[in-house]
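Trainee: Provided herewith is a single structure, encoded as structure tokens, for subsequent inquiry.
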Amino acid sequence: MNKTGFNIRVYGLVVNHKNEILLTDEYRLNQQMTKFPGGGLELGEGTLDCLRREFMEEMNQPIEIEQHFYTTDFYQKGWFYENMQLISIYYKVKLIEPLMFKLSEKPFDFNIDSPNPQSFRFVALDQISPNDLTFPIDKVVLRMLKQT
């Protein structure tokens, strides 16, 4: 697929009472990836609606959006498509109890042949490294999050 233009992504940063960050491990486009939960903005959708939709689609999880955290402020080439500029928007998010999705203890805790190969886990902020994340912009955001 040869797309040109902008790819706008919206992500939720969920830090629990143990100071752990929620990550998603996924298998998409023939690649394993570890990232923050969220996804692509659809035409006609606002960023907050996108984030609520993504959490419901991926986790069946209602959320409370607490505040904007960061929007990409430098050029980031799209990861999967040529001629695509990535713009990522991050919000601090709170999960509305009870949790509606399964938490895993280990990375990539799914069957790669399942219809939606994805799992979720909390990782202590003081133990996670930017190198544990797949995408360059997530690495920047993790560094920023650790400084707050």
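Trainee: How much area per residue is accessible in the chain when the probe is 1.4 Å and only protein heavy atoms are counted (Å²)?
Mentor: Details: 8300 Å² over 148 residues.
Value returned for the chain: 56 Å² of accessible area per residue.
Trainee: Using each residue's phi in region 105-110, evaluate 6.51 cos²θ - 1.76 cosθ + 1.60 at θ = phi - 60° and report the 3J(HN,Hα) Karplus result to the nearest Hz, with x for Gly and Pro.
Mentor: 9, 10, x, 6, 8, 8
Trainee: Please work out the FRET efficiency for the pair Asp73 and Gln127, using the Cβ-Cβ distance as r and a Förster radius of 35 Å; give the result to the nearest 0.05. Don't skip to the end; give the middle numbers.
Mentor: Values: r = 28 Å, r/R0 = 0.79.
Calculated transfer efficiency: 0.80.
Trainee: So, one more: Once you have the Cα-Cα distance between Lys18 and Ser114, take 0.36 nm times their residue separation minus that, and quote the gain in nm to one decimal.
Mentor: On the way: separation 96, 0.36 × 96 = 34.56 nm, distance 3.10 nm.
Full extension of this stretch gives 31.5 nm more.
Trainee: Counting trypsin sites (Lys or Arg not before Pro) as exposed when in a DSSP loop with at most 13 other beta carbons within 10 Å, what is the longest stretch of the chain free of them?
Mentor: Details: sites that count: Lys3, Lys18, Lys102.
My reading of the result: 19-101 is the longest stretch.
Trainee: Provide, for q = 0.11, 0.14, 0.25 Å⁻¹, the log10 of I(q)/I(0) from a solvent-free Debye sum over equal Cα point scatterers in region 30-111.
Mentor: The Cα Debye sum returns log10 ratios of -0.37, -0.60, -1.37.
Trainee: To the nearest 10 square angstrom, what accessible area does Thr134 show with a 1.4 Å probe?
Mentor: In the full protein context, Thr134 sits at about 30 Å².
Trainee: Okay, moving on. Would you mind calculating the relative contact order of the chain from Cα pairs under 8 angstrom and at least 6 residues apart, reporting the percent as a whole number? Intermediate results must be reported in sequence, preceding the final value.
Mentor: Numbers: 268 pairs, mean separation 45.7, N = 148.
For the chain, the relative contact order is 31 percent.
Trainee: What shape does region 91-148 have by the C-alpha gyration tensor, where a ≥ b ≥ c are the square roots of the eigenvalues, rounded means a/c under 1.5, and otherwise prolate means a/b greater than b/c and oblate the rest? Mind dumping the intermediate values first?
Mentor: Values: a/c = 2.07, a/b = 1.37, b/c = 1.51.
Verdict is oblate for region 91-148.
Trainee: Still on this structure, please answer the following. Please compute the alpha carbon radius of gyration of the chain, then divide it by the globular-protein estimate 2.2 N^0.38 Å. Two decimals is fine. All intermediate terms of the calculation are to be shown ahead of the outcome.
Mentor: On the way: Rg = 14.7 Å, N = 148, 2.2 N^0.38 = 14.7 Å.
Here the Cα radius of gyration is 1.00 times the empirical estimate.
The values are calculated or read from the model by the stated rules, or taken from the named source; none is laboratory data. This is a predicted model, so every value here is computed, not measured. So basically every Cβ, Gly included, is an ideal-geometry build from the backbone, and we count neighbours across all protein chains shown. Areas reflect the complete protein model, heavy atoms only, side chains present, ligands, DNA and RNA absent. Shrake-Rupley method; radii C 1.70, N 1.55, O 1.52, S 1.80 Å.
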